[in-house]
Structure formats: C-alpha cells, structure tokens
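Engineer: Structure below; questions to follow.
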Number of protein chains: 2
Amino acid sequence: MSAPILCDRDLEFMLFELFDSESLTRRSRYAEHSRETFLASIATAKTVAERYFLPIRQKMDLHQPTFDGKKVAMIPEIKVALDATLAAGLGSTTADFELGGMQLPPIVASVAGAYLSATGSTAMGYLMLTSANASLISAYGTPEQIKTWVEPMRIGRFAGTMAMTEPSAGSGLADLTSSAVKADDGTYRITGNKIYISGGDHDLSENIVHLVLARIKGAPKGTKGISLFIVPKFLLDEDGSIGERNDVALAGLFHKMGGRGHTSCALNFGEQGGAVGYLVGEEHRGLSYMFHMMNEARIMVGTGAATTALTGYQYSLHYAKERPQGRLPSCKDPLSAPVNIIEHADVRRMLLAQKAYSEGAMALCLLGSQLVDDSHTAETDAARARAKTLLDILIPVIKSWPSEYGPKSNDLAIQVLGGAGYTNDHPVEMFYRDNRLNPIHEGTTGIQSLDLLARKVPMNNMMGYQLLLEEFQSGIDAAHSRAELADLAEQLSEAVGILKTTTNSLLAAMMTENIDMALSNSVKYLELFGNVVIAWLWLKQGIVATDALAKKPHESDENFYRGKLQAARYFYSFELPQIQVWSKILTDLDRSAYDMRAAWF
Amino acid sequence: MSAPILCDRDLEFMLFELFDSESLTRRSRYAEHSRETFLASIATAKTVAERYFLPIRQKMDLHQPTFDGKKVAMIPEIKVALDATLAAGLGSTTADFELGGMQLPPIVASVAGAYLSATGSTAMGYLMLTSANASLISAYGTPEQIKTWVEPMRIGRFAGTMAMTEPSAGSGLADLTSSAVKADDGTYRITGNKIYISGGDHDLSENIVHLVLARIKGAPKGTKGISLFIVPKFLLDEDGSIGERNDVALAGLFHKMGGRGHTSCALNFGEQGGAVGYLVGEEHRGLSYMFHMMNEARIMVGTGAATTALTGYQYSLHYAKERPQGRLPSCKDPLSAPVNIIEHADVRRMLLAQKAYSEGAMALCLLGSQLVDDSHTAETDAARARAKTLLDILIPVIKSWPSEYGPKSNDLAIQVLGGAGYTNDHPVEMFYRDNRLNPIHEGTTGIQSLDLLARKVPMNNMMGYQLLLEEFQSGIDAAHSRAELADLAEQLSEAVGILKTTTNSLLAAMMTENIDMALSNSVKYLELFGNVVIAWLWLKQGIVATDALAKKPHESDENFYRGKLQAARYFYSFELPQIQVWSKILTDLDRSAYDMRAAWF
C-alpha cells in the first residue's frame, strides 16, 4: 500500500488559494523568493521525508531509545535522517540567509515541515527544539552567547533542549525548585532535577545546550524569581572546542505511549557540586523569556497534531478506496462482489470527519504561522499590531483544537481500518499514540481554556476578541453574497451570536460570582470558541472553492473543490451545532463539576 | 501508589441496590446461593486478581507474545495466573454445579469477572473464549462432542478459540472461503487461512479446540452455506489422550496496539492436505450457531470495555487526590502551597465524566447479564420472553456504548495524569490501548448501528422498542414522584420524546427513501439511542440514591449516594443534550456523508 503522506493539492490550496502566500514575496524579507522557491523548498522536504524518514518510521516506533545506565542508544538511522534534513537546509527554514537559513515565510516553512513531521514523526523534535532554543538565545542572549551556542545549533553541530518541568512542577512551574548559585567568575552553579526533557540526552550532536529554568539563591518565590540558564552537556574550551563534561547526568528515560522517535529524559543537574550555567538576559526574568517563545511553541504543537491527523486521514482514505468488504444495505444479491469500503456511507462519514478535523486544524495552524509572520513583517505598524492581537487570542485555540481533534481524527482512521488498524501492520495506531501527547504538553487543554477565558478574551479591552468578531463577520458577508453558501453563512452568523451571548454571560459571572465557579466549565468555552473559529475557516475554504468552481476547472480540480464544500457542510451539520449544548452549560453556570466534592467520588 | 482496582462499594450498589440480585436466590437454579456466597465468589476473584494478575499487568504489556517460526513464547507468569484462576473455580462461574461450575447468576459472575479483567486485562481472554467455545459446543454439539471437548475445557485442560475472520472476510463473513470436504469416515478436511484468532496458539493448555467456520464443498454461497467445525490443535487418540498434531499451523502473530496479554494469530488450516474437523450440528447452519452465542459475546465485550473504564477512573481518581499541583484561580497568594489537583474544577469534570461513562456503562452491561439470566430462569414464560425481547434490542447498545465511551473515559484518565499519564510509569495509557479494540471486534460500531436501526427496532412489530419505552416511562414516573429528581425526570421525558420523533422519522424514510441514504447516519441514531438508555440508567441510580439518602445513612454512604446523584446530574447536563444535535441530523436525513463521493476526498 502506498498512501500519500499528505495531500499535496490540499496544501497548495491552503498556501496559495486560502492564504495567498505568493503575495508575501512583495515583502522585502521575502523579495528573493517566489512561488517556485516556496514549492522547491516543500519538494525538498518531501523528498527527504520519503527517502529518509518514511522507511524508518515503524522501526523508530518499535525501537524506542534505551539507557544502559551510561548512555542512550537509539537506532542509527535516526542520525542519518536528521543529518540529511540538516544537509538539505531544512533545520533552519525560517532563519536569515546570513545565518545559513532559507529565510522562508513561517507559513511556507510549516508546510515543508509538515512532510518531515508526518513521516519522521517525533524524531523531528530534535531539530524543532534546537531551533526553538536557538531562537530564544538569539532574542535574549549576549552576542557572545549567540556566537558560542546559537551558531553551532543553526548548523546542526549542537542540539538544544528546554528544561522546565520538575517532578513537583509541571503545569505549576511557579513551584520549581532547581537552584542557581553565582560563582566568582560570574557563571552559576545549577542544582536540581528535571523530567520529561525531550532530547535530554543522545549522541546525535557534539553537544547539547540545555536551557534550564532555576531559582537564584535568595530570589523571590513564585514565578517572579525564576531565571534562565544555558547549561551545556559539555563545557567548551577557550577556542570553542568540546571540553570536559558538565555536571549534568542522565537519570533515566521515560517510556511513552508514542513519540518514540524522541527521547524523554530525567536529568540531574549538579550531583557533583553544581553544573556550570550561564545566565540568559536578566536575573528573575527567565519565565517571561520562556513565555515569549510560547506562541511559536504552541503553534508548533498544534501543527504537529494537525499533521499527524492529516497523514492518518490520507492513509485511511487510501485503504478505504482499495479494501473490499461487505455490501450496501440496498444490495439484493448476496452473491455479488463486495464493494470497496468507501462505498459504505458510514466509512465516508468517518473519512469526512477526518477531513473536516485535520484540514480545519491545519488551516488554523497555518493562519497562526501567517499571523506570527505578519506581526513581524506586515507593511504597517497597524497591520503588525493587529496581527499580534489576533494571534494572541487565537493561540489557545491553535494549541488545543488540533490537539483535541487530531487524536479524534486518528481514532477514526483506526476505525476505518477495523481490526487491521489495531495492529502494527499499519501506522494508524501509532499516529494515535504519537498524537495523544499534544493535549498535554505546552499547556494542557484545561490550561489553554483558562488562558482564553480569563486572560485573552478580556485582554486590552477585549480588542483581540473584537478583531476576531470582525473577521468572522467579513467571512459571513462574503459567503452571503454567494448563493450556494448562504445557508452556511446564516449558520455561522447564528453561531457567532451564541458565542457573543455566552462570552457576555461568562464575563459578567466572572465579575459577580465566585471566580472558581465562573471559570469551572472553561474547557467547554474553549470548545465552543474553537468550533466557531474552525467553522469560520471552513466557510473561508468554501468561499474559495465556490469561486473556483464558478470558473469551471478541469475534472480533478472540480472534484477537489467539491470535496472542500462537502467537508464544510459536514462540519456545519455534525460539529458546529454542538456549541448549543456547550453554550447552555456555560450560560447556566452549570455547577455539576464545581459542586462535586472529593469525598463524593 | 495503590489505587483500588475497582470500587467495591459501587459494584455492591449495582448488584444489590440497583438490580436486587439477592432476589435471584429465590429461583431454583440459585437456591443454594445467598448474598454471602455471591460476595464470597467476588472476594475470591478479587484475591486472585490482586495476587496473580495485578503484579504482572505491566510485564504482560511490555512482553507481548513472540513467535520464532515454530512456537509462541510468552511470560510464564501468565500460565501461573490462569491456573490460579481455574483452581479457584473462576473459569466456569456460571456453569452448572455438576459440570464443576459455581452456578452463579451471570450478573454476579460479571462482577467477579470484572476484578479479573481489570487486573488481568486481556489475558483473561484465554479463559473467556474457552468458556464461550464450550457453551457453544454444549448447545449444538453431540453428547460425544461435549464429553470429548467440553469437559476438558471446563476444567482447564483444553482451551478454545473462535476462528471466523479471514484476510478477505472480516465484517463481511458471508465472503469467507475456508473449505471443508467430507471424508469417508464422516469427518471433514478443512483448508483455509484465518486471521485475528485470539488465543490461536500457545502452550497454556494440553490442547486447543478451534471452532472454525468453513464452507462445505458444493455449499450455497453467502451466509447460508457456512458450517461450523471443531478443529483441534492435536487429534485425540481413542482413549482421549493427546495424539498427533492436526494440520493447523501458526503462520504468525499480530502485534497489537494493546491487549498484549492475549495472542492474536494467523492460522493456516490444511497446508498438508487438510485439517481434521468435526461438524457441529447440521451442515450450512454454522453462522446461525455462532450468532446464537453473539448476545453473550457482545455483552462480554461491553463489560470488558466498561471494566477497563472503571479501573482507569479509579486510578486517575486516586492520583488526583494525592498529586499537588497549581492553585485555584481565586488564590491571591502565589506562595501558598499547591492544592491537590482534585481541587481544580476541570479535573473534577474529567473525573465526573469518567464516573458517568464507566458506571453508566457497567450498569448497562449488568442489566444485559441479568436479562440473559431472566430469559432463561425468570419464573414465567412471559417474563422470559419479555427479557429476551428487551435483551435483543439492547444488545447493539450494550456492545457499542461501553466500547465507545470506555476509551473516551480512559482518554480522560490519561489527561488527569498529564505527562505522567503518557508514560508507562502509570497504567492509564495501557488501559486506553487495551480498550481501543472494543469498538472493532464482535461487530464494529457501524455494524451495531445497522443492527439496531434496520433490524432490532422494527423487529416483531417494534415489540422490543415498545417494551423499552415502557421501561423508560416507569423510570420517569418513579423519578417524578421524588422532588429532587423531578427536573431529571422531565429531561428524560423530553429525551424520550426526541427518540420517538427521530425513530418515526427514520422508519418512514426507510420505507419511502433510498434505503442506503435512510441508513447513512445510523451511527448517530445508535449514539442517540445509547445516550437515552444511559440517561435512564442514571435516573434509576439516582432514584436508589435519593431513597437511600432519605434514610440518613452514615457519612461514607451519604458521600457515596451524593456522588451518584452528582454523576447523574453531570450526565444530564453535559451528555444527554447532545441528542438534540444528532436528532436534527437524523430527521433532516442529512446527506453530507451519503452524497460525498470517493473522487471528492
């Protein structure tokens, strides 16, 4: 079976028809680019993905990294594939040309990365975390730190990690206890235990640059006393060459449900007296630096979730088109040949749901990447500010909607394959396992929902919320003027009305009621908000498809656009109306969860 | 951490308060039993579960069976645990005393089995399939076959399997091609390939009795030409001792997402000329025999799904009560101690949902077991017939509701544990993987939905449907007379109204519209139907709890009953109202899935 990794046509649709990425070449940063260079970088990523990652995808899953008490071992093909990725320039697609990057717009880089992530799955995490680490030091480090640590990371000599979580401080980072003591030479000695450190140890690179959150002796308690340190696995000699081992020890590996291409480590810092660390930026401001990168990190998680959903959808679609089984209810002849299972309406429903979830999620994540870009490179200050404001309110949805609906989508892929999907003869059960981490890391769905309702919606006099409502309205107006979409426009208009009523009701409750109670169903608000956002994005896709169909495209394009419209219709019939149930729970200030007591369980 | 496997108090509530199982001792079959013997058998099962299965639960998952081309290897502790189960008499809890069984009512046996299944997880499948196989031969085999094959299975010397699925015949059994040729001695020679045969090969027992579906040469095509054969792994000598190897070869093992305590095999029959098989019952009636056992098999799947959900709920509950992390939104002091996560309303929501799903599912499965019992042992013919009719319509719901909501429940258990839940430091990710098979085997959710809408609802002039409506109404009436439940009674009444409207609309469409289109959203009908059934069972639990609270019980019981009421309220606020969305899809005859074409994807 050779299912496509991703649907090329769909990703081109998103890039060039839905988001008009070609227009980005008019911005000075992208002046040397063209539609052709965008497509070439995507084609390169696809080639590397197919040549290096796809053949080892299952092997990575079956052979998770092991730890013999001294070293981490993993299958050697991972290094070969990562090196090939770096050699193709795909380790730093958005970085400046002068730093060896491709200087691609983030939205194009996201599409290129999707091919790698769909096949390399979680092994790509080594490169993604390295890139995030390098960006953080670039933003807040000294020129010397950038030269020492970022440059080797940008060319793949060093790898990077983010060391935040501790055994007693996961979602509640305020409680972290790792400590730092200033030494006479101005460096620090770091002590503490960190867990779930992705890529925390390996032999894939010459060195590993840990970015560690720790509390300087005497610092205030809580979130305001946390500083950020560069703590390398190996110290460097004066000339930058690899020196002696720093006091960072691998305590063990976690064995995860999925994501087995990527180590998850417990690291002990300072067991021999203190690991040497270098302060990044100012003391006590570490958490704010880390959170400054949070938007990109959360888009990365959402995009990974969407991508795994997309590839599972393509796989199960391909299977459904080829697997004969059973007959239609209308079939009067039990001796007739079985039909391919895509002929069964319920299989089409499961495929349509996957299409609606995964393509809706990907559209949202690409919008997020574009907003990051706009917030830096849009032509006017006003346009940049507007993009940043929209981005901020959308981030909890970009993180959580794909993370919640990605696994749901992969779950349906398993169901389409039936018994075969439950075995590792096919990758769909692995996709589910890989995707299941996404509602957890980088802020759980519960945390995203509090961020949205208690922070992002009220923020700046509700400016982000208002801007988003304007966006919804312009989508509704555009759809209303197209007869085929008038009913969907009407439905979205009603949905936005429900969102407004619910929001107003909750904001009032947050001021007049017990705040814990008023926020107790925040996840349902996030779900409601998310479904409206995705419905709006499906309407926008429907508008593009409708206009394209009016131009009588050739048959394969006509089929493609009809599929887009049908997925939009599916979403509006099956998914969007659920907001009515959630709105009632929210506006009623339903107390089922809030009133429940620990002793009653 | 030592979370309880299951909540003893809750299972006693279901047995003795919700279903009044003690009254069964008035039936002659159970005259020698008492509440005490019921509890003793459950306690025995719990002891075996804790002593033999719990300690190896993770080891079984980590060491799935392997096949070296000749033999299956598995960890030796599995045989020890299964032998201990058999030695305790737990291999045949419902069988007659004279066959060495405990002659327990099925509902009591289900509760006892739940402890084993929750800890032994899928390894219990060896015994459960053996028991199902023995029951089938007991019902349709000759006295000689019963003596030869059933007796050794009842005492654990032989194991049994069901060999139905073939590479090209899974959901569509009508297309199976395994063949049987009659030999001169009246036995048959079986040839063909079977896959996904649970327990298809192992060294746990002296022999394995495969029940194989095959087509006798010259038989009609389709479902009416399938016969059932006993095909042992080893032929028996005249005296019943193990003779030579039959022509049944293990071709390989499937590697599954979960359920790793149980082999899933590909078996080749007749590679050396034909495996010796013995016809069960009459020629060409094999499928009807197999389907005669289907009700029990489907209840078994539902109960397994519910049990895995229950144990995951207990585990995450225990974790949430002990794990400190974060502070409440109302907390003004960031330096205060973190709270246990059960203090977070969203964690309580996730626990309440698990409680509502898992205890609702278990109540449904126990009702199913009781109806099986009633259909055989109720006092009057009328009562037996009524039980059988109710059972038949409920079977697709008993199979599918727990199978769909069990994994959802386990998914929430993972989320409660956060990052920890994604690792194998805790069993919740394994529970999810184990549970994920249940919506697939013994008839997928899609197939159950067609069984319900196209067959069970219209069957016998809608008699089952009408009886069920009567049951709903008597629950509503009983609740109406209790002030605290009047609002839930009203909600259920409205929900039943929606069910009736939807059913009538669909039945009309099935007669006037294209049948494939009319049935195209049948899964949504199953979901709607299922939520009404579960809501009714939660109302019944609420009635029992309300009456018990009126008697001012001691504190721990008061807490327990308040928890039941709160879970009922959760279900009515968060889950039941979704039927409005599904009803609209169904009554609109929504064509999203039906109209979608393969080329549009």
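The values are calculated or read from the model by the stated rules, or taken from the named source; none is laboratory data. Every value quoted in this text rests on a predicted model; they were computed, and no experiment measured them. All Cβ positions, glycine included, derive from the backbone under ideal geometry; neighbour counts span all protein chains shown. Keep in mind that these areas ignore ligands, DNA and RNA; they rest on the heavy atoms of the full protein, side chains included. Shrake-Rupley method; radii C 1.70, N 1.55, O 1.52, S 1.80 Å.
Engineer: Please indicate, with yes or no, whether at least one residue in the stretch B:135-144 is part of a helix (DSSP H, G or I), more than 16 Å from the chain's Cα centre (by Cα) and crowded, with 24+ Cβ neighbours inside 10 Å.
Structural biologist: Checked the stretch B:135-144: at least one residue is part of a helix (DSSP H, G or I), more than 16 Å from the chain's Cα centre (by Cα) and crowded, with 24+ Cβ neighbours inside 10 Å.
Engineer: Quick one: A:Val212 ticks every box in (1) within 30 Å of A:Pro76 (Cβ to Cβ); (2) free of Cβ contacts under 8 Å to residues at least 60 places away in the same chain except a single one, so which number is it?
Structural biologist: Evaluating A:Val212 over (1) within 30 Å of A:Pro76 (Cβ to Cβ); (2) free of Cβ contacts under 8 Å to residues at least 60 places away in the same chain leaves (2) as the failure.
Engineer: Which one of these does B:Thr47 not meet: (1) open to solvent by 50 Å² or more (accessible area, probe 1.4 Å); (2) under 29 Å from A:Ala599 (Cα atoms); (3) in contact with a Phe, Trp or Tyr (Cβ under 8 Å, 6 or more places away or on another chain)?
Structural biologist: Going through the list (1) open to solvent by 50 Å² or more (accessible area, probe 1.4 Å); (2) under 29 Å from A:Ala599 (Cα atoms); (3) in contact with a Phe, Trp or Tyr (Cβ under 8 Å, 6 or more places away or on another chain), B:Thr47 breaks only (3).
Engineer: Let me ask another. Any residue in the stretch B:25-41 that's in the same structural domain as B:Gly89 (by TED's automatic domain parsing): show its pairings with residues that are at pLDDT 95 or above and assigned to a helix (DSSP H, G or I) at Cβ separation under 6 Å, as long as the two are six or more apart or on different chains.
Structural biologist: Pairs found: B:Arg27/B:Thr377; B:Arg29/B:Thr377; B:Tyr30/B:Leu24; B:His33/B:Thr25; B:Ser34/B:Thr25; B:Arg35/B:Glu22; B:Phe38/B:Val108; B:Ser41/B:Ala112.
Engineer: Let me ask another. Just the residues that are under 18 Å from A:Met596 (Cβ atoms), acidic (Asp, Glu) and more than 9 Å from chain A (Cβ to nearest Cβ), please, taken from the stretch B:294-351.
Structural biologist: Of everything in the stretch B:294-351, just one residue is under 18 Å from A:Met596 (Cβ atoms), acidic (Asp, Glu) and more than 9 Å from chain A (Cβ to nearest Cβ), namely B:Glu322.
Engineer: Suppose we filter A:Gly281, A:Gly273 for residues that are in contact with an Asp or Glu (Cβ under 8 Å, 6 or more places away or on another chain), touching a residue at least 40 places away in the same chain (Cβ under 8 Å) and in a loop (DSSP other than H, G, I, E, B); which single one remains? Lay out the reasoning, then the answer.
Structural biologist: Working: A:Gly281 fails: in contact with an Asp or Glu (Cβ under 8 Å, 6 or more places away or on another chain).
When all the criteria are applied, what remains is A:Gly273.
Engineer: Let me ask something additional. At negative phi and either of a type in the set (Asp, Glu) or in contact with a helix residue (DSSP H, G or I) (Cβ under 6 Å, 6 or more places away or on another chain) (or both): which single residue out of A:Thr66, A:Thr94 fits that description?
Structural biologist: On inspection, the qualifying residue turns out to be A:Thr94.
Engineer: What is the number of the single condition among (1) buried (at least 17 other Cβ atoms within 10 Å of the Cβ); (2) without any contact (Cβ under 8 Å) to a residue 60 or more places away in the chain; (3) more than 14 Å from every other protein chain (Cβ to nearest Cβ) that A:Met290 does not meet?
Structural biologist: Every listed condition holds for A:Met290 apart from (2).
Engineer: Residues to consider are A:Leu116, A:Leu99, A:Leu104, A:Leu86; find the one that is more than 12 Å from A:Val209 (Cβ to Cβ), surrounded by fewer than 21 Cβ atoms within 10 Å (Cβ to Cβ), among the aliphatic types (A, V, I, L, M) and touching a residue at least 60 places away in the same chain (Cβ under 8 Å). Steps first, answer last, please.
Structural biologist: On the way: A:Leu116 fails: surrounded by fewer than 21 Cβ atoms within 10 Å (Cβ to Cβ); A:Leu99 fails: touching a residue at least 60 places away in the same chain (Cβ under 8 Å); A:Leu104 fails: surrounded by fewer than 21 Cβ atoms within 10 Å (Cβ to Cβ).
That would be A:Leu86, the only listed residue that is more than 12 Å from A:Val209 (Cβ to Cβ), surrounded by fewer than 21 Cβ atoms within 10 Å (Cβ to Cβ), among the aliphatic types (A, V, I, L, M) and touching a residue at least 60 places away in the same chain (Cβ under 8 Å).
Engineer: Right, here's the next one. Output the number of residues of the stretch B:265-285 satisfying the condition of being under 21 Å from B:Asp68 (Cβ atoms) and open to solvent by 10 Å² or more (accessible area, probe 1.4 Å).
Structural biologist: 4
Engineer: Picking from B:Gly312, B:Gly240, B:Gly261, which residue would you name as being closer than 21 Å to B:Ala159 by Cα and surrounded by 20 or more Cβ atoms within 10 Å (Cβ to Cβ)?
Structural biologist: B:Gly261
Engineer: Would you point out the residue of the stretch A:28-43, among those that are surrounded by 14 or more Cβ atoms within 10 Å (Cβ to Cβ) and hydroxyl-bearing (Ser, Thr, Tyr), that is nearest to A:Gly89 (Cα to Cα)?
Structural biologist: Looking at the filtered set, the residue picked out is A:Ser41.
Engineer: Name, by its number, the condition in (1) within 11 Å of another protein chain (Cβ to nearest Cβ); (2) out of contact with any Lys or Arg (no Cβ under 7 Å at 6 or more places or on another chain) that does not hold for B:Gly530.
Structural biologist: (1)
Engineer: Among the residues of the stretch A:248-258, are any part of a loop (DSSP other than H, G, I, E, B), open to solvent by less than 20 Å² (accessible area, probe 1.4 Å) and closer than 30 Å to A:Thr119 by Cβ?
Structural biologist: There is at least one residue in the stretch A:248-258 that is part of a loop (DSSP other than H, G, I, E, B), open to solvent by less than 20 Å² (accessible area, probe 1.4 Å) and closer than 30 Å to A:Thr119 by Cβ.
Yes/no matrix, rows are residues, columns are (1) within 25 Å of A:Ala112 (Cα to Cα); (2) surrounded by fewer than 24 Cβ atoms within 10 Å (Cβ to Cβ); (3) more than 14 Å from chain B (Cβ to nearest Cβ):
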{"position": "A:Ser369", "(1), (2), (3)": "yes, no, yes"}
{"position": "A:Val372", "(1), (2), (3)": "yes, yes, yes"}
{"position": "A:Ser375", "(1), (2), (3)": "yes, yes, yes"}
{"position": "A:Ala387", "(1), (2), (3)": "yes, yes, yes"}
{"position": "A:Asp392", "(1), (2), (3)": "yes, yes, yes"}
{"position": "A:Lys399", "(1), (2), (3)": "yes, no, yes"}
{"position": "A:Gly421", "(1), (2), (3)": "no, no, no"}
{"position": "A:His426", "(1), (2), (3)": "yes, yes, no"}
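Engineer: Being buried (at least 16 other Cβ atoms within 10 Å of the Cβ) and over 18 Å from A:Ser198 (Cα atoms) is the filter here; which residues of the stretch A:50-80 pass it?
Structural biologist: Hits for the stretch A:50-80 are A:Tyr52, A:Phe53, A:Leu54, A:Ile56, A:Arg57, A:Glu77.
Engineer: Moving to a separate point now. A:Gly302: within 30 Å of B:Gln58 (Cα to Cα), under 17 Å from the mean Cα position of the chain (by Cα), of a type outside the set (A, V, I, L, M, F, W, C) and not in a loop (DSSP other than H, G, I, E, B), yes or no?
Structural biologist: In short, no.
Engineer: Quick one: count up the residues across the stretch B:157-177 that are within 18 Å of B:Ile230 (Cβ to Cβ) and small (Gly, Ala, Ser).
Structural biologist: Selection size over the stretch B:157-177: 3.
Engineer: Looking at the stretch A:218-245, which of its residues are free of Cβ contacts under 8 Å to residues at least 60 places away in the same chain and touching a His at 6+ places or on another chain (Cβ under 9 Å)?
Structural biologist: Looking only at the stretch A:218-245, we keep the residues that are free of Cβ contacts under 8 Å to residues at least 60 places away in the same chain, and these are A:218, A:221-222, A:225, A:227, A:229, A:233-235, A:237-239, A:241-245.
Selection gives A:Gly225, A:Ser227, A:Phe229, A:Lys233.
Engineer: Can you say whether B:His318 is closer than 20 Å to B:Asn424 by Cα and surrounded by fewer than 18 Cβ atoms within 10 Å (Cβ to Cβ), as far as the supplied structure shows?
Structural biologist: Yes; evaluated as a whole, the condition is true for this residue.
Engineer: Quick one: B:Lys355 ticks every box in (1) of a type in the set (D, E, K, R); (2) more than 15 Å from A:Ala169 (Cα to Cα); (3) more than 7 Å from chain A (Cβ to nearest Cβ); (4) touching a residue at least 12 places away in the same chain (Cβ under 8 Å) bar one, so which box is it?
Structural biologist: Against the list (1) of a type in the set (D, E, K, R); (2) more than 15 Å from A:Ala169 (Cα to Cα); (3) more than 7 Å from chain A (Cβ to nearest Cβ); (4) touching a residue at least 12 places away in the same chain (Cβ under 8 Å), B:Lys355 comes up short only on (3).
Engineer: Look through the stretch A:516-555, keep the residues that are free of Cβ contacts under 8 Å to residues at least 40 places away in the same chain and open to solvent by 10 Å² or more (accessible area, probe 1.4 Å), and return whichever of them is nearest to A:Ala363 (Cα to Cα).
Structural biologist: A:Leu549
Engineer: Still on this model: Take the residues in the stretch A:543-601 that are in a helix (DSSP H, G or I) and of a type in the set (Asp, Glu), then tell me which one is nearest to the other protein chains (Cβ to nearest Cβ).
Structural biologist: If we filter the stretch A:543-601 for residues that are in a helix (DSSP H, G or I), which is where we start, we get A:543-550, A:555-575, A:578-587, A:592-595, A:598-600.
The next check asks that each one be of a type in the set (Asp, Glu); those that pass are A:547, A:555, A:557-558, A:575, A:595.
Values: A:Asp547: 17, A:Glu555: 9, A:Asp557: 11, A:Glu558: 9, A:Glu575: 9, A:Asp595: 7 Å.
Looking at the filtered set, the residue picked out is A:Asp595.
Engineer: Still on this structure, please answer the following. Please count how many residues of the stretch A:446-462 are open to solvent by 10 Å² or more (accessible area, probe 1.4 Å) and within 30 Å of B:Asp434 (Cβ to Cβ).
Structural biologist: 2
Engineer: Quick one: would you say B:Lys355 is at pLDDT below 95 and of a type outside the set (A, V, I, L, M)?
Structural biologist: no
Engineer: Could you list, in sequence order, the residues of the stretch B:172-228 that are more than 12 Å from chain A (Cβ to nearest Cβ), within 29 Å of B:Thr66 (Cβ to Cβ), open to solvent by 20 Å² or more (accessible area, probe 1.4 Å) and in contact with a helix residue (DSSP H, G or I) (Cβ under 7 Å, 6 or more places away or on another chain)?
Structural biologist: B:Leu204
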